[in-house]
Amino acid sequence: MSHYKIIISGGGTGGHIFPAIAIANAFRRRYPDAEVLFVGAEGRMEMERVPAAGYRIIGLPVSGLDRRRPWRNIGVMRRLWVSLRRARTIVSDFQPDVAVGVGGYASGPLLRAAEAAGVPTLIQEQNSYAGITNKWLAKRAARICVAYPGMERFFPAEKIVLTGNPVRKDLEEAINCHDEALKHFGLDPACKTLLVLGGSLGARTINEAVEVALPTLADLGVQLIWQTGRSYYDAIRSRVADLEPEPKRWVGPFITRMDYAYAAADLVVSRAGASSISELCLLGKPAILVPSPNVAEDHQTKNARSVADRGGAVMIADGEVRKLLPDTLRRLFGDREQLKALALHSSQLAERDSDERIVDELVTLIENNKRLGATKAPQTEKKR
């Protein structure tokens, strides 16, 4: 069995971190003796989530440019320089066979260091609009795995492979554990359940819309699993503490058992990040998608429309969600056949086994690089 060594870098949000973990898990399933090392940005979410998934991670002091306060970018450039030096040391010490960048600050220095050391690199781009770090790295990357067609406008066409976004296997494995999942959240198996996801950092407008919709949920007898995000949790908890306890609700800053959250849900309200959409489609979950307006090229609206136009979700604009969410919930929970149709059409859009396809690409890069090294070695001896 091959003893491969792989570095995976990037993060910042769940949309980068969880696909990275899915790639690592798939690699380990196929090659149990493989060594996997993560590299993230100090103080970012990956420094907690990656160790919780059972992997070692090293942090770099890298951070993004501050466009509002340009004078602070002197410190940003200093941290980038330190990060590049540390990344070279990490690559030299670990000696990876391949390096993966999933987007986020840390993937820039790490993949640059890997390329300089002759290590083949692969970029995994989750969105329909490429992130700035991945666009910067694309020219030297050996392979670019994408989730949407038409990415030639960002990347060299000959390097692109359409794989879809990798999704954690635990989400699929728990999807039929409905009653067990509801018990985990302290909810009633006899009631319909709404799952609310504002992304890993939370979403103010979605949270406000859910507060407006609480009387509607109570009237419908629908219970709630509500991920608020850390920034909003304390205020929301204090405001809902005095509300009637029925129907039941679970409110928290972050959901650690997303597999159970999806298994419990009859309907999901979510941002339209690429990873979230991949999960919803793979699991066949009916959803109300509320695209974030604060993203490059409004790509979440494009993500959401690609699903909604094919009958896999209902889309509500961020500016209208406070007004429209209560009636939309009433309509959907009152129409079982529409919920079934949304679930069916959503599942038909799923890209399956994305993690395995990415592992296929990684192994091809590793073996090609080894063959290239073997053919170069004799030539080097002759020159001597």
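So with the 1.4 Å probe, I'd like the accessible area per residue for the stretch 34-174, rounded to whole Å². Let's see the in-between values first.
On the way: 6520 Å² over 141 residues.
Per residue, the stretch 34-174 has 46 Å² of solvent-accessible surface.
If I compute Rg and Dmax of the Cα atoms in Å from the structure I just sent, which labelled value in (1) 26.1, 99; (2) 22.1, 83; (3) 24.2, 77 lines up?
(2)
Going by a ≥ b ≥ c, the root eigenvalues of the Cα gyration tensor, does the stretch 1-127 fall in the rounded group (a/c under 1.5), the prolate group (a/b larger than b/c) or the oblate group?
Details: a/c = 2.17, a/b = 1.54, b/c = 1.41.
Verdict is prolate for the stretch 1-127.
Run the numbers for ARG140 and THR256: contour at 0.36 nm per residue of separation, minus the present Cα-Cα distance, in nm.
Details: separation 116, 0.36 × 116 = 41.76 nm, distance 3.60 nm.
Between ARG140 and THR256, full extension yields an extra 38.2 nm.
Put one equal scatterer on each alpha carbon of the stretch 240-341, apply the Debye formula with no solvent term, and list log10 I(q)/I(0) at q = 0.17, 0.18, 0.21 1/Å to two decimals.
Log-scaled intensity ratios, in q order: -0.88, -0.98, -1.27.
If you roll a 1.4 Å probe over the stretch 84-219 with all protein chains in place, what percent of the accessible area is carbon or sulfur?
Its accessible area is 50 percent carbon and sulfur atoms.
Order of 267-273, 175-181, 301-307 by packing, highest average Cβ count within 10 Å first?
Working: 267-273: 25.3, 175-181: 15.4, 301-307: 21.1.
Descending mean neighbour count gives 267-273, 301-307, 175-181.
Does the stretch 15-87 come out rounded, prolate or oblate, given a ≥ b ≥ c as the square roots of the eigenvalues of its C-alpha gyration tensor, rounded meaning a/c under 1.5 and, failing that, prolate meaning a/b above b/c?
Details: a/c = 3.30, a/b = 2.32, b/c = 1.42.
Prolate shape, in that a/c is at least 1.5 and a/b is the bigger ratio.
Take the Cβ-Cβ distance between GLU42 and SER92 as r, set R0 to 25 Å, and report the resulting FRET efficiency rounded to the nearest 0.05. Don't jump to the answer; show the numbers that get you there.
Details: r = 20 Å, r/R0 = 0.80.
Efficiency, from the Cβ-Cβ distance: 0.80.
The values are calculated or read from the model by the stated rules, or taken from the named source; none is laboratory data. Fair warning: this is a prediction, and the values are worked out from it, not measured in the lab. Because the Cβ atoms are built from the backbone with ideal geometry, glycine has one as well, and the counts that use them run over all protein chains shown. Only protein heavy atoms, including side chains, enter the accessible area calculation; ligands, DNA and RNA are left aside. Shrake-Rupley method; radii C 1.70, N 1.55, O 1.52, S 1.80 Å.
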